[in-house]
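A.B. asks: Handing you this structure, nothing more for now.
We did not get these values from a lab; they are worked out from the coordinates using the rules stated. Note that the coordinates shown come from a computational prediction; the quantities given were computed from them, not determined experimentally. So basically every Cβ, Gly included, is an ideal-geometry build from the backbone, and we count neighbours across all protein chains shown.
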Amino acid sequence: MRKIFETNRLIFRELTQNDAEGLFEFFGDPEAIRHLPGTGTKSRNEIEEWLSLVFQSYQNMHFGPWAVILKESNEFLGYCGLYLQKNVDGKDEVEILYGLIRQYWGMGYATEAAIGVYEYGKTKLKLKRFISLVEPSNLRSSNVVKKVGMKLEKETRRWGRRYHMYSID
């Protein structure tokens, strides 16, 4: 498991199979995943499939969703990272995405994580443009991406749902 970078309170490292339990805590919580694409909570098998997509992203893109670890306690908080979204209205886009276990909401971790990922992508990976796809009713995520500096660019449809596409370049 490779450490990627850290922020004041958080460590970012590659996800591993050992993170499946923590991911299940997130993806198994209907409230935590309410705004994510898909049909509801993920089974352990679906989490394994999701992890294999993450590992492919590490291999092909040299980035992906990373484990977010609390420095002071080494606790797994969830994931945050970059993912190549293919064909967003005819264009491939790099998305900042994140998902934290609900008990860690409201503490500024998602904002710290998203800003850290943006800075890492811009400085270390030399990426120029980032998006986040946020359901219009997901005010928490809208606030996070605005704190990263993203602006609402447009509305789009994806995975059978309406999304606000925020961007920064």
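A.B. asks: Calculate the length of the line joining the C-alpha centroid of the range 5-51 to that of the range 65-111, in whole Å.
C.D. replies: If you average the Cα positions of each part, the centres end up 9 Å apart.
A.B. asks: If exposed means no more than 13 neighbouring beta carbons inside 10 Å and the site is in a DSSP loop, what's the longest run of the chain without any exposed trypsin sites (Lys or Arg not before Pro)? Before the final figure, lay out each step's value.
C.D. replies: Values: sites that count: 2, 34, 71, 124, 126, 128, 129.
It works out to 72-123.
A.B. asks: If you don't mind, there's one more thing I want to ask. In the set (1) 21.4; (2) 9.1; (3) 10.0, which value of mean projected area of the Cα convex hull in nm² was calculated from the structure you see?
C.D. replies: Answer by label: (2).
A.B. asks: Next question, about the same structure. Obtain the nm distance between the two label points defined at residue 52 and residue 86 by a simple spin-label model: each point lies 7 Å from its Cα along the Cα-to-C-beta direction.
C.D. replies: A separation of 1.6 nm, rounded to one decimal place.
A.B. asks: What's the extension gain from residue 73 to residue 155 if we count 0.36 nm per residue and subtract their Cα-Cα distance?
C.D. replies: Result for the pair: 25.6 nm of gain on full extension.
A.B. asks: If I model a spin label at residue 45 and residue 24 as a point 7 Å from the Cα along the Cα→Cβ vector, what separation in nanometres do I get?
C.D. replies: 1.5 nm
A.B. asks: A 19 angstrom limit on the alpha carbon distance is what I want to check against. Which of 86/146; 122/147; 124/154; 91/146; 86/151; 3/146 exceed it? If you can, show how the numbers build up before the last one.
C.D. replies: Numbers: 86/146 23 Å; 122/147 16 Å; 124/154 28 Å; 91/146 22 Å; 86/151 21 Å; 3/146 27 Å.
Over 19 Å Cα-Cα: 86/146; 124/154; 91/146; 86/151; 3/146.
A.B. asks: Hey, another quick one. Can you figure out the FRET efficiency of residue 135 with residue 8, using R₀ = 30 Å and their beta-carbon distance, to the nearest 0.05?
C.D. replies: Working: r = 29 Å, r/R0 = 0.96.
Once rounded, the FRET efficiency stands at 0.55.
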